[in-house]
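Q: Sharing a structure, written as structure tokens. Questions coming.
The values are calculated or read from the model by the stated rules, or taken from the named source; none is laboratory data. Owing to the predicted nature of the structure, the values given are computational and were not obtained by experimental measurement. Reconstructed Cβ throughout: ideal geometry from the backbone, glycine too, with neighbour counts over all protein chains shown. What goes into the accessible areas is simple: the full protein's heavy atoms, side chains included, and nothing from ligands, DNA or RNA. Shrake-Rupley method; radii C 1.70, N 1.55, O 1.52, S 1.80 Å.
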Amino acid sequence: MKITIIGAGYVGITTGTCLAQLGHDVCCLDLDRKRIDMLSRGQVPIYEPGLEDALHEALDGGKICFTTDTEEAVGGAHAVFIAVGTPSGPSGGIDLSQVFSAGRNIAPHLMAGAVVVMKSTVVAGTARSMREIIARERGAFDIRVASNPEFLREGSAMQDFLEPDRIVLGADDPYSLRVLRKIYAPFVSANAPIVETRTVDAELIKYAANAFLALKIGFINEVSDLCEKSGGNVADVARGIGLDHRIGSAFLQPGPGYGGSCFPKDTRAFAATGREYGARQHMIETLISRNEDRKKQLARRIVKEGGLHAGQKVAVLGLAFKANTDDVRESASLAIIPMLQEMGLEVSAHDPKANETAAQFLDGVEFHSDLYDCCHDADAVVILTEWDDYKQLDLRKLAEEMSGDWLFDFRNLHQPEAASEAGLRHVSLGRVATSPADRKRVAPVGSWERRVAAPEHI
Ligand code: UGA
């Protein structure tokens, strides 16, 4: 099939490349000439494992092209995917202006029978509004708009596309559904889980899925706080609850609060939609503010627990919102670093991929390409992203490099015992520190332990 993708951003490039891998003829349209030229040469403007190789293959096989010309891209296409940005609006709802403007631009060029497919994350009812906009623009009524939300995670987007947990096909008419099935034919014949539903349900599935995953993270972060206070270990608690299939073990890793281009924006939009329809999403509203507070609390914790004062140096390891991406959008680092600076601390930072992207948002930070250089003379080191480089940190070398001895490990990458042996004071999330000196820092558990101690005959 001939498929056009409107928007050569993260979702557009990945979707286009993967659809080309499925055998379709894909054309990606974007207004940004520089980006289109780069992509035509096989250069991917984002870091996504496996994407560049797949793109080269598609380009070499003549299965994908890039253009800034709407007529060239859209004319003759059987399906036109909309994959433009849907940023947060001022009240937390999403700004759909790019989506609707794309609809108006493509309207005159759509082939009769073409199906417009909403790939961008959009609120309930957007596909229907899009149909009206395009119909008005063309003065015709035979317009078909479907919804096919993406469930790609940055850093593993190719795998998520090619080995999906499920594919959601939202259509309000039988023809659109047939076109969607044909696009995903290899998955249909492999009996992959496919949810066929109406466009409004497809739109709601996308938001509800992200909101639920974000809730899991918010929940385990609070459980983690309780573990610290009560002497528990969050890893054991997460494993113990996650083995219940009704709960599942994914997304139960405590951290410095979720970030990225999706969860923060999508939870805000979900809450805004709830308010708009008079069906408040109270849990999500609370989650949003708790997640923001968490980043601030952790910044205060570094200063308070580390006994740091103005002029001292903190080295931050990890700027991306998670590992395997150079994306820093709504990353914990962008909230925590400016707070540390406000408190008078000097900040150096390292990230294997995101130094450049983070530098656009952070002033007065010394960026390093070598992580040990970054930690040289630091009074405290803070790990914010779970990169493999940080898992493999040589703790003794780190301790030698630093002038202080505080390691704030907010991704729980290291065992407290190993950090303690290296001479570091280790602060992680949701577990009790091990050295006798460190133990004093967590809430006393003596009386509680005595109360639940096993009877002697057992
Ligand atoms: C998320 C969803 O996971 C995808 O399914 C969805 O398609 C995508 O949003 C989207 O809407 O486009 P992504 O934002 O790439 O994907 O990243 P995640 O892997 O979900 O991580 C989001 C945030 O949660 C990160 O800051 C991560 O560090 C944090 N997280 C994740 C935790 O703190 N703990 C966990 O256990 C898991």
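Q: What are the pairs, 6+ residues apart or on separate chains, where a residue within the stretch 199-212 that is without any contact (Cβ under 8 Å) to a residue 24 or more places away in the chain and closer than 15 Å to Ala171 by Cβ has its Cβ under 8 Å from a residue that is in a helix (DSSP H, G or I) and open to solvent by 40 Å² or more (accessible area, probe 1.4 Å)?
A: So the pair list comes out empty.
Q: Could you please let me know if Ala315 is in contact with a Cys (Cβ under 9 Å, 6 or more places away or on another chain) and in the same structural domain as His414 (by TED's automatic domain parsing)?
A: yes
Q: Cβ-Cβ under 8 Å, sequence separation 6+ or interchain: first residue in the stretch 426-437 and at pLDDT below 90, partner of a type in the set (Asp, Glu). Which pairs?
A: What qualifies is Val432/Glu228; Thr434/Glu417.
Q: So, Gly75, is that one away from the ligand (no atom under 16 Å from the Cβ), over 25 Å from Gly170 (Cβ atoms), at pLDDT below 95 and open to solvent by 60 Å² or more (accessible area, probe 1.4 Å) or not?
A: So Gly75 does not fit the description; no.
Q: Now, a different point. How many of the residues in the stretch 260-290 are within 14 Å of the ligand (Cβ to nearest atom), open to solvent by less than 10 Å² (accessible area, probe 1.4 Å) and either without any contact (Cβ under 8 Å) to a residue 40 or more places away in the chain or not hydroxyl-bearing (Ser, Thr, Tyr) (or both)?
A: Here the count works out to 4.
Q: List every residue pair whose Cβ atoms sit under 6 Å apart, with the two residues 6 or more apart in sequence or on different chains, where the first one lies in the stretch 118-133 and is part of a helix (DSSP H, G or I) and the second, anywhere, is at pLDDT below 95.
A: Taking only residues 6 or more apart or on different chains, the pairs are Arg131/Ile143.
Q: Checking Arg329 against (1) in contact with a Ser or Thr (Cβ under 7 Å, 6 or more places away or on another chain); (2) surrounded by 20 or more Cβ atoms within 10 Å (Cβ to Cβ), which test does it fail?
A: Failing condition for Arg329: (2).
Q: Mind telling me which of the residues Ala208, Ala171, Ala140 ends up being surrounded by fewer than 18 Cβ atoms within 10 Å (Cβ to Cβ), more than 16 Å from the ligand (Cβ to nearest atom) and either at pLDDT below 95 or within 25 Å of Tyr277 (Cβ to Cβ) (or both)?
A: Numbers: Ala208 fails: more than 16 Å from the ligand (Cβ to nearest atom); Ala171 fails: surrounded by fewer than 18 Cβ atoms within 10 Å (Cβ to Cβ).
Step by step, each of Ala208, Ala171, Ala140 is checked, and only Ala140 is surrounded by fewer than 18 Cβ atoms within 10 Å (Cβ to Cβ), more than 16 Å from the ligand (Cβ to nearest atom) and either at pLDDT below 95 or within 25 Å of Tyr277 (Cβ to Cβ) (or both).
Q: For the stretch 178-205, how many residues are modelled with pLDDT under 95 and surrounded by 17 or more Cβ atoms within 10 Å (Cβ to Cβ)?
A: So the count comes out to 1.
Q: Quick one: which helices (runs of 4 or more DSSP H) sit completely within the stretch 6-68 and have at least 2 residues that are touching a strand residue (DSSP E or B) at 6+ places or on another chain (Cβ under 8 Å) and touching a residue at least 40 places away in the same chain (Cβ under 8 Å)?
A: Where helices (runs of 4 or more DSSP H) fall fully within the stretch 6-68 and carry at least 2 residues being touching a strand residue (DSSP E or B) at 6+ places or on another chain (Cβ under 8 Å) and touching a residue at least 40 places away in the same chain (Cβ under 8 Å), they are 10-21, 51-60.
Q: Could you please let me know if Val123 is over 30 Å from Lys353 (Cβ atoms) and within 16 Å of the ligand (Cβ to nearest atom)?
A: Numbers: over 30 Å from Lys353 (Cβ atoms): yes; within 16 Å of the ligand (Cβ to nearest atom): yes.
When the stated conditions are applied, Val123 passes them.
Q: Please go through the stretch 143-197 and pick out each residue that is among the acidic types (Asp, Glu) and assigned to a helix (DSSP H, G or I). Working first, answer last.
A: Within the stretch 143-197, the first condition is being among the acidic types (Asp, Glu), and the residues that meet it are 150, 154, 160, 163, 165, 172-173, 196.
Hit for the stretch 143-197 is Asp160, nothing else.
Q: Hey, among the residues in the stretch 22-43 that are open to solvent by less than 20 Å² (accessible area, probe 1.4 Å) and in contact with a helix residue (DSSP H, G or I) (Cβ under 9 Å, 6 or more places away or on another chain), which one's farthest from Lys353 (Cα to Cα)?
A: That would be His24.
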